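Worksheet: the structure to be examined is printed underneath.
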Amino acid sequence: MVVFLQRLVASSQYAKKCPYAMTPTSITVHNTANDASAANEIQYMATNAHYVSFHTAIDDIEIIQAIPYTRNAFHAGDGKDGKGNRTSIAIEICYSKSGGKRYEQAEQNAVHYIAQLLNTYGWGIDRVKQHYDWSQKNCPHRIRAEGRWASFLQRIEQALAAYSFQHKMGYDVCSDANAYRVQSGKYATKEAAEEAARRALQQGIIHYATVIGVKE
């Protein structure tokens, strides 16, 4: 199970790491290009004297936030006033140098965390960017080298659909109920209802579904 931690940079480092207030407008995905853990990435970034920073590092067991999402980070290579550096949440996915199972799990953890952020901000998948989009740097290098950016976005979209579904649930329960049904929506055709049930089952949102026709 992945653990979320906050290890925020000291305020004395704000001038180097996150000097500007930020209203985020996107999420930028990076690969670290080394084999350090999230904890080590955060420790190094937060304590060195470089004007380089990121908001969150993700590995196979931890998601660690170092900079509040209301402060900028210098990660995009598009200059002090660039949109990447001034308005985008920077996510570093760890263990990308060697890849393997640790990296695969880190990437999957990033998929779900990015979906959570999209859901929180009410954003669509168009808000997810590559480092490359801001300054043409070959990053996230492993995802790009393996030609998986499109499928990476698809995985985030699937996770986002699950989170969105969970947050749209409503409740209408009588006080003496002894059984409970889940109703997810109303559909114009039997085929549409069956397709919605199939998607929910495939995504693991529910484990049993019954399609019931009604006359209104």
Task: Residue within region 26-39 that is farther than 15 Å from residue 134 by Cβ, in contact with a His (Cβ under 7 Å, 6 or more places away or on another chain) and polar (S, T, N, Q) present - done: no
- [ ] With respect to residue 68, determine if the residue is in a loop (DSSP other than H, G, I, E, B) and within 17 Å of the chain's Cα centre (by Cα).
- [x] yes
TODO: Give the number of residues within region 111-123 that are assigned to a helix (DSSP H, G or I) and within 18 Å of residue 84 (Cβ to Cβ).
DONE: 4
Open item on the list: Please go through (1) at positive phi; (2) in contact with a Lys or Arg (Cβ under 9 Å, 6 or more places away or on another chain) for residue 134 and return the number of the only condition it doesn't satisfy.
Closed with: (1)
TODO: Please determine, by comparing only the residues of region 30-51 that are farther than 22 Å from residue 142 by Cα and not hydroxyl-bearing (Ser, Thr, Tyr), which one is surrounded by the fewest Cβ atoms within 10 Å (Cβ to Cβ).
DONE: 49
Open item on the list: What pairs come out if I take residues in region 55-78 that are in the same structural domain as residue 8 (by TED's automatic domain parsing) and within 19 Å of residue 37 (Cβ to Cβ) and pair them with residues that are among the basic types (Lys, Arg) and part of a loop (DSSP other than H, G, I, E, B) whose C-beta lies under 7 Å away, six or more apart or interchain?
Closed with: 64/7; 66/7
Open item on the list: List the residue pairs whose Cβ atoms are under 6 Å apart, where the first residue sits in region 5-17 and is closer than 10 Å to residue 66 by Cβ, the second is in a helix (DSSP H, G or I) and modelled with pLDDT of 95 or more, and the two are 6 or more positions apart or on different chains.
Closed with: 7/42; 9/17; 9/46
Task: Criterion: assigned to a helix (DSSP H, G or I) and surrounded by fewer than 16 Cβ atoms within 10 Å (Cβ to Cβ) - qualifying residue of 97, 101 - done: 101
TODO: Would you mention how many residues in region 119-130 are under 22 Å from residue 142 (Cβ atoms) and either crowded, with 17+ Cβ neighbours inside 10 Å or hydroxyl-bearing (Ser, Thr, Tyr) (or both)?
DONE: 4
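The values are calculated or read from the model by the stated rules, or taken from the named source; none is laboratory data. None of these values were measured; they are calculated from a predicted model. For neighbour counting, all protein chains shown are included, and Cβ atoms are generated from backbone atoms with ideal geometry for every residue, glycine included.
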